[in-house]
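Right, one structure below, let's go through it.
The values are calculated or read from the model by the stated rules, or taken from the named source; none is laboratory data. The model shown is predicted, which means the values in this text are computed figures rather than measured ones. Neighbour counts run over all protein chains shown; Cβ positions are idealised from the backbone, glycine included. With ligands, DNA and RNA removed, areas are computed over all heavy atoms of the protein, side chains included. Shrake-Rupley method; radii C 1.70, N 1.55, O 1.52, S 1.80 Å.
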Amino acid sequence: MVPVLAFDIETIPDVAGLRLLRGADAAASDADVYAAEIADRAARNKSDFMPLYLQRVLVISCVFRGSRGLQVRSFVDLEREGKSEEAGVIQAFFDRVNDHRPQLVSWNGGGFDLPVLQQRGLRHGVVAGRYWEMGDDDREHRYNNYISRYHLRHIDLMDLLAMYQSRANAPLDAMAKLCGFPGKLGMDGSQVYGAYLEGRRDEIRRYCETDAMNTYLLWCRFEKMRGHLDEAGYRREIAVARDAVAAMGEPHWMEYLSAWPTEQARAREDARPASAAAAAPAPPPGEAPTALEAPPVAIVETATETKTTETTIYIDSSSIRA
């Protein structure tokens, strides 16, 4: 099977870059440098959203679906000894692309995530040979590569579903909830910098991971829509993802799971008339839904490295072996 890597990034303003571009006084604090930039932007009727080349990558979260199961991995800039590790975070992401040559999946990745990773990667001297391959050395990439907009080795689901028309773009949170998935939890992108300044880096990582999972689940839905998964295959893939989430154990995943109705419950809800749905009593507490098939067996291995928080789920499932 072709591995799938659904990803999301969280960024903060690059104050060091602002210092350089503004020629700021070395004695000025980061807060003063940032405040001066925001004031200048306001005077020019611009928002406080930094241009992409000044978006410093803090977290990259990936949901990787390969032959061994489902893996959630986050690369986090820990800023040890007060030094940014952004270069290593970006390099780690492109190393995975180089090693696995996955199907990349994003939500607005063509409009934000990948341009940021490319521009920031260029700043730091990151190497991403396989990502940039467009057929000069590997003919397989000539007509299907990660870079060309209408090629499908990277699929920006938001862009594709809108037929590449920005006025038709849909938000990730809304589409995930409409499709029966949990959607965003904890915060939104506008709150990330404030959370970073308060030292809530792990909370940002958790938020980023759930967005990557929302993107992956919408990918499964898209694969069903375009005929790459039949109904049984789609339900197996959703079951694999649900069992992976249940096995990870961290509080944000438990919250995510509690906000995620089962396929059976959603199907029953969709099938009922509106009047019946309004009058129907809630199921007894603790009642488990009827399973479509025996659930996969999950084994969780969790390791924390200097730059990486990793949770790997190995699942024995017919959908993986197929």
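Computed values, structure above
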quantity	calculated
Failed condition for S74, given (1) over 29 Å from T210 (Cβ atoms); (2) among the small types (G, A, S); (3) in contact with a Lys or Arg (Cβ under 7 Å, 6 or more places away or on another chain)	(1)
Test: residue in segment 96-103 that is closer than 22 Å to L172 by Cα and not in a helix (DSSP H, G or I)	yes
Residue within segment 246-258 that is in contact with a Leu (Cβ under 8 Å, 6 or more places away or on another chain), open to solvent by less than 40 Å² (accessible area, probe 1.4 Å), hydroxyl-bearing (S, T, Y) and touching a residue at least 12 places away in the same chain (Cβ under 8 Å) present	yes
Only listed residue being in a helix (DSSP H, G or I), open to solvent by less than 30 Å² (accessible area, probe 1.4 Å) and either under 19 Å from R206 (Cα atoms) or among the small types (G, A, S) (or both), chosen from G121, G110	G121
Given (1) free of Cβ contacts under 8 Å to residues at least 40 places away in the same chain; (2) part of a helix (DSSP H, G or I), number of the condition L229 does not satisfy	(2)
Cβ pairs under 8 Å, 6+ apart, first in segment 76-87 and in a helix (DSSP H, G or I), second open to solvent by 60 Å² or more (accessible area, probe 1.4 Å)	R80/T306; E86/H124; A87/H124
Extreme residue, most open to solvent (accessible area, probe 1.4 Å), among residues of segment 150-176 that are within 22 Å of W253 (Cα to Cα) and touching a helix residue (DSSP H, G or I) at 6+ places or on another chain (Cβ under 9 Å)	P171
Close pairs (9 angstrom Cβ cut-off, 6 or more residues apart or separate chains): within 14 Å of D113 (Cα to Cα) in segment 137-156, open to solvent by 100 Å² or more (accessible area, probe 1.4 Å) and not in a loop (DSSP other than H, G, I, E, B) anywhere	Y146/W132; I147/W132
Of all residues making up segment 177-204, the number that are more than 26 Å from S29 (Cβ to Cβ) and either open to solvent by 30 Å² or more (accessible area, probe 1.4 Å) or in contact with a Ser or Thr (Cβ under 6 Å, 6 or more places away or on another chain) (or both)	6
Search result, residues across segment 173-214 that are under 19 Å from F49 (Cα atoms), under 14 Å from the mean Cα position of the chain (by Cα) and part of a helix (DSSP H, G or I)	G189, I204, C208
Residue list for segment 1-33, restricted to those being part of a helix (DSSP H, G or I) and open to solvent by less than 50 Å² (accessible area, probe 1.4 Å)	V15, G17, L18, V33
Any hit, segment 57-67, residues being open to solvent by less than 40 Å² (accessible area, probe 1.4 Å) and more than 26 Å from A247 (Cβ to Cβ)	yes
Residue in segment 267-279 that is exposed (fewer than 13 other Cβ atoms within 10 Å of the Cβ) and either modelled with pLDDT of 60 or more or within 22 Å of G69 (Cα to Cα) (or both) present	no
